[in-house]
């Protein structure tokens, strides 16, 4: 069993070198955990270096949660004040640099199913979310 692990470790290291990927070159922020849960019980995942559209993580804007459009090209910053809510143009990505959590809703006026974006986290590429509410409490 030990030799199989060694072979796998060597193969992974070789693959990383062949692709020009070194763990030391991955930004610290890219290793941050993403804490997003959906009301239909989809769990957390971990951030990794960008590779395709589902692996893009847009930057944080201090003191705001940010709705990102395109591949982190344009954005709208929103207030972190608990109870803030509204309708929005569906973003492609969200980053939450607030001290509060954020609910994104599939319908307008905080209706439909929701995605909870925990404080200090970012999302993968999103489906259609049309409204939001900043909340106090856990996801």
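The residue that is surrounded by the most Cβ atoms within 10 Å (Cβ to Cβ), counting only those in segment 125-139 that are part of a loop (DSSP other than H, G, I, E, B) and at pLDDT 90 or above, is 129. Of the strands (runs of 3 or more DSSP E) that lie entirely inside segment 78-121, those containing 1 or more residues that are in contact (Cβ under 8 Å) with a residue 40 or more places away in the chain span 85-87, 111-117. Scanning segment 112-120 turns up at least one residue that is within 21 Å of residue 62 (Cα to Cα), out of contact with any helix residue (DSSP H, G or I) (no Cβ under 7 Å at 6 or more places or on another chain) and buried (at least 20 other Cβ atoms within 10 Å of the Cβ).
The values are calculated or read from the model by the stated rules, or taken from the named source; none is laboratory data. The model shown is predicted, which means the values in this text are computed figures rather than measured ones. Note that each Cβ is placed from the backbone with ideal geometry, even for glycine, and that neighbours are counted across all protein chains shown.
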